[in-house]
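This report refers to the structure that appears directly beneath it.
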Amino acid sequence: MTKTSSKPAESRLESDRRPDGKFAPGNRANPKGRIPGSRNKATLAAQAMLDGEVENLTRKAVELALGGDVTALRLCLERILPARKEAALAPIDLPRVEGAADLPQLTTAILDAVAAGRVTPGEGQALAALANAHAKTLEIAELEQRITALEESQGKG
């Protein structure tokens, strides 16, 4: 007598797995993922504990800061006046760019400023990106002039 399987067809999870039990590439246990906006239980519990106490805690933090507690002072200042994400560069001398021939002088000046420590590498990268954008603008303007000149020469011919 042969045994027949009374198991229903393989479940979706079983069919998406490799023989070693791991999910095959591209298949996940929860394809929808976590619901956007859902919060961790620990976060919800912490918020429930603090409900109604925020005003008292804030007042106490300010009192400690005014009393000379440096950590409380830093906490208060960080919340009131967060760190700037972007600030103006210190003035540096960069050559004026009138055309594409002037761009190598500009990029050399940017590299020199970074090497000398007058600007950070990130600021230098931002300046180089501006120089690149200006180079593209000059290139487009030159191409437009050349196309106009070609159209005029063909129209006269």
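Could you go through the range 80-89 and let me know if any residue there is under 30 Å from Leu50 (Cβ atoms) and of a type in the set (Lys, Arg).
Yes.
Quick one: Leu66 ticks every box in (1) at pLDDT below 90; (2) over 31 Å from the mean Cα position of the chain (by Cα) except a single one, so which number is it?
It fails just one condition, (1).
In the range 120-147, how many residues are exposed (fewer than 15 other Cβ atoms within 10 Å of the Cβ) and in contact with a Gly (Cβ under 9 Å, 6 or more places away or on another chain)?
The total comes to 1.
What's the number of the only condition in (1) of a type outside the set (A, V, I, L, M); (2) surrounded by 10 or more Cβ atoms within 10 Å (Cβ to Cβ); (3) in a helix (DSSP H, G or I); (4) within 32 Å of the chain's Cα centre (by Cα) that Glu152 fails to meet?
Result: Glu152 fails condition (4) only.
Within the range 95-126, can you find the residues that are among the aliphatic types (A, V, I, L, M), assigned to a helix (DSSP H, G or I) and touching a residue at least 24 places away in the same chain (Cβ under 8 Å)?
Residues satisfying the conditions are Ala100, Leu103, Leu106.
Among Gly117, Gly52, Gly67, Gly26, which is the only one that is surrounded by fewer than 10 Cβ atoms within 10 Å (Cβ to Cβ), in the same structural domain as Leu138 (by the TED database) and not polar (S, T, N, Q)? So that I can check it myself, show each step before the final result.
Details: Gly52 fails: in the same structural domain as Leu138 (by the TED database); Gly67 fails: in the same structural domain as Leu138 (by the TED database); Gly26 fails: in the same structural domain as Leu138 (by the TED database).
It is Gly117.
The values are calculated or read from the model by the stated rules, or taken from the named source; none is laboratory data. Note that the coordinates shown come from a computational prediction; the quantities given were computed from them, not determined experimentally. A quick note on method: Cβ atoms are made from the backbone with ideal geometry, for glycine too, and the neighbour counts reach across all protein chains shown.
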